[in-house]
1. Could you work out how much longer the chain between Thr321 and Ile148 gets when fully extended? Use 0.36 nm per residue separation minus the Cα distance between them, nm to one decimal.
2. Counting alpha carbon pairs within less than 8 Å and at least 6 residues apart, what relative contact order, in whole percent, applies to segment 87-242?
3. Enumerate the amide H contacts of Leu305 below 5 Å, restricted to partners 5 or more residues apart or on another chain; note that Pro and chain-start residues carry no placed amide H.
4. What is the gain in length, in nm to one decimal, between Gln213 and Ile415 on full extension, counting 0.36 nm per residue of separation less the C-alpha to C-alpha distance?
5. What nm distance separates the two modelled labels at Lys299 and Ala424, each placed 7 Å from Cα along Cα→Cβ?
6. Which length gain, in nm to one decimal place, applies between Arg83 and Asn254 when the Cα-Cα distance is subtracted from 0.36 nm times their residue separation?
7. Shape of segment 1-71 from its Cα gyration tensor (a ≥ b ≥ c, root eigenvalues): rounded if a/c is under 1.5, otherwise prolate when a/b > b/c, or oblate?
8. Do the sum for the chain: with -39,500 (n - 2.57) for every DSSP H run of n ≥ 4, divided by all residues, what is the mean residue ellipticity at 222 nm, to the nearest 500 deg cm²/dmol?
Amino acid sequence: MSKKIIIVGAGPGGLASGMLLAHKGFDVEIFEKNPVVGGRNGSIQLGEYKFDIGPTFFMMDYVLREIFKTTGRDLEDYVKLTRLDPMYNLHFGSLNQAITIFSDRAKMKAELARVFPGAEKGLDKFYRKEKTRFDRLIPVLSHHNNNILDVFNFRTILALPSFSFGKKLYDVMGNYFKPEYARLSFTFQSKYLGMSPWDCPGAFALVPYTEHQDGVYHLEGGLSQSTVAMAKAIKEDGGKIHCSTPVASLLIKNKKIYGVKLADGREVLADKVIVNADFGYTMNNLVPAGAARKWTPKKLAKTKLSCSIFMMYLGLKRTTTLPHHSILFAKNYRQNVADIFSGKLTDKDFSVYVRDASKTDKTLAPKGKTALYVLVPVANNRSGIDWDKVKGKVRKQALNILATDFGLKDIEKDIEVEKIITPADWEKDYNVYEGAVFNLAHNLNQMIWFRPHNRFEDFKNLYLTGGGTHPGSGLPTIYESGRIAARLICKEFGVKY
Ligand SMILES: Cc1cc2nc3c(=O)[nH]c(=O)nc-3n(C[C@H](O)[C@H](O)[C@H](O)COP(=O)(O)OP(=O)(O)OC[C@H]3O[C@@H](n4cnc5c(N)ncnc54)[C@H](O)[C@@H]3O)c2cc1C
């Protein structure tokens, strides 16, 4: 009889594990609290408009391609990918200046020369040096972190210089690009990890590198289509996915997990349980009080967390001339970043990311209309900000910025439908600990050996996937967490991976 695997949560992490294990012949059953799969990587339909809830930058496409390949599939048979080049536009509030970012190296060089004369000289060095870092660090990040001897081995020793200990992303990029805004163009990617460029470890220079090297993709129908495709593959291989079925707690006896208790009271037994629900939420809510040894609520409260996001999804009865992705840096960017990470709400001058995918993808809004995705990085819920109180003010200011800096004059009268998600909503509706949507911060003392392990050490038979676990947040690393958990389970049961 095949071994039973329960997965809590159908986000990208849980779906990646589910796909691989269902293909390997395990009896996979996924319980998802929401009516649809995808989690933060799911979609929202507002009337005729469709929005991605979270991810809009699809990077390191080969990781998901490999997962599909392992299960005998071709990702392209399930989703239509379009590589975006130019990748995005950056607008610098204080310079009243903009730069277009290309993954085509020659075009990027010409654009750097045009906007920041002289800065183009650093591009080749950036590619050369950062390739070495990427080649050294990726094997460490994609390997499991369960065994200390396995973590601190030759692979890691070889990678040690690539960690750039003591250096921040902002310092590392200063080696290549001198003008301040050229440097920021290669460091703002720390926000993909929910961190400040002045605090994000230099090791994460691999993020801007892989973005420029491997490019950024759009998926037709939105990035949520990746999760729809993964769910389809799981079902094709005999796995079951139960939506609108929240898990209330993990069943534990003698430090061994033996199944889950559903919110409707049913108990479902399993040989192994993989939890994809947010790590901090899981430890505080699904693990019975007092059962955890290492990751106690007290320890969690002391962790460093990522920032949060104030989201606006706007269905507009008009088109825009905006590119697919545009990012506006606050006029005083440093102050805005300092506010976010010290728990303050920037009053007016905040950074905004806007995505209008309608030129690339006609499926998201009717002809002549726009599904506009507006993202404002803000503090997580440790800030104590009362979002019910300030939500209207932040919305108004974001609309002002859209009107003045993104050319969307009188935008309010064009809004047909709208939804806002605040940090408080991430915590309440999406079960995200402290609304820190990029999970535990990626400081080196919360990475690799120090990040929650994919085979959880506090209890037997429990595995973890998702952005709060090793190797970290962001879709490629989340898929990797799912792949590591699947590999560990296969190994334990002697199934060839
Ligand atoms: C606004 C935003 C923008 C982002 N942009 C990008 C981007 O451009 N590129 C990128 O790579 N990454 C991006 N990310 C980061 C990250 O890739 C996503 O957040 C990703 O969806 C996280 O995946 P996950 O598997 O860790 O968790 P989730 O997607 O949250 O999945 C966890 C699942 O568990 C379910 N669950 C929770 N509790 C229970 C329970 N008790 N019972 C059953 N099910 C439960 C949830 O409903 C959810 O479906 C973004 C995140 C956000 C929020």
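Taken together, the values in this text are just the output of simple stated rules run on the coordinates, not laboratory data. Everything numeric here is computed off the predicted structure, so don't read it as measured data. Here the Cβ is made from the backbone with ideal geometry for all residues, glycine too, and neighbour counts use every protein chain on show.
1. Values: separation 173, 0.36 × 173 = 62.28 nm, distance 5.24 nm.
Net length gain for the segment: 57.0 nm.
2. Numbers: 167 pairs, mean separation 33.5, N = 156.
After rounding, I find 21 percent.
3. Ala441
4. On the way: separation 202, 0.36 × 202 = 72.72 nm, distance 3.72 nm.
Extra length available between Gln213 and Ile415 comes to 69.0 nm.
5. Each label point lies 7 Å from its Cα, and together they span 3.2 nm.
6. Numbers: separation 171, 0.36 × 171 = 61.56 nm, distance 5.03 nm.
Computed gain between Arg83 and Asn254 is 56.5 nm.
7. On the way: a/c = 3.08, a/b = 1.47, b/c = 2.09.
Since a/c reaches 1.5 but b/c is at least a/b, the shape of segment 1-71 is classed as oblate.
8. Numbers: 16 runs with 160 residues, N = 497.
Using -39500 (n - 2.57) per qualifying helix, the result is -9500 deg cm²/dmol.
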